[in-house]
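First the structure, in the form of structure tokens, and then the observations on it.
The values are calculated or read from the model by the stated rules, or taken from the named source; none is laboratory data. In this text, all values refer to a predicted model and were calculated from it rather than measured experimentally. Please note: Cβ atoms are built from the backbone with ideal geometry, for glycine as well, and neighbour counts cover all protein chains shown. Just so you know, the surface numbers come from the protein's heavy atoms only, side chains and all, with ligands and any DNA or RNA stripped out. Shrake-Rupley method; radii C 1.70, N 1.55, O 1.52, S 1.80 Å.
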Amino acid sequence: MSSPEIASLSWGQMKVKGCSTTYKDCKVWPGGSRTWDWRETGTNHSPGVQPADLEEVVKKGVKTVVIGRGMSEALQVPPSTVDYLKKNGIDVLVLQTEKAVAEYNALAAQGVKVGGVFHSTC
């Protein structure tokens, strides 16, 4: 199963190819995507992305995870989250969201088993 292309990104809106939902924040993995609801894990801009935010994506067997920190990079990614991914043998890229989406789409187009979590506002 391949990772779905992120078809569009603008402030507060993301579309994933093959999915009719418009996301504010989203998770993607080989074969799927869904809303990334920060309330599920108590995530906030600081301290930021928690390992719990990534568990679902990791369980999909990804080799790389791309984290989009927001358009202005307001979303933090603590070292413990990066360590969690590396301990699971997963490469991690932490980027501004527009750059993160471009990198994610490039990896997906190359057939890499890539997943991601993307914040589309601040």
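Quick notes
- Matching residues, the stretch 80-122, being assigned to a strand (DSSP E or B) and either within 18 Å of residue 24 (Cα to Cα) or open to solvent by less than 70 Å² (accessible area, probe 1.4 Å) (or both): 92, 93, 94, 95, 114, 115, 116, 117, 118, 119
- Restricting attention to the stretch 64-79 and to residues that are part of a loop (DSSP other than H, G, I, E, B) and in contact (Cβ under 8 Å) with a residue 40 or more places away in the chain, the residue that is surrounded by the fewest Cβ atoms within 10 Å (Cβ to Cβ) turns out to be 72.
- So residue 8, is it open to solvent by less than 40 Å² (accessible area, probe 1.4 Å) and assigned to a strand (DSSP E or B): no
- Candidates in the stretch 11-39 are the residues that are outside any strand (DSSP E or B) and touching a residue at least 24 places away in the same chain (Cβ under 8 Å); of these, the one that is nearest to residue 104 (Cα to Cα) is 30.
- Residue among 102, 109, 52 that is more than 15 Å from the chain's Cα centre (by Cα) and at pLDDT 95 or above: 109
- Evaluation of residue 24 against (1) in contact with a helix residue (DSSP H, G or I) (Cβ under 8 Å, 6 or more places away or on another chain); (2) under 14 Å from residue 118 (Cβ atoms); (3) open to solvent by 30 Å² or more (accessible area, probe 1.4 Å) (one fails), failing number: (1)
- The set of residues in the stretch 39-63 being surrounded by 17 or more Cβ atoms within 10 Å (Cβ to Cβ) and of a type in the set (A, V, I, L, M, F, W, C) consists of 49, 54, 57, 58, 62.
- In the set (1) open to solvent by 40 Å² or more (accessible area, probe 1.4 Å); (2) touching a Pro at 6+ places or on another chain (Cβ under 9 Å); (3) modelled with pLDDT of 95 or more, residue 1 fails one condition alone, (3).
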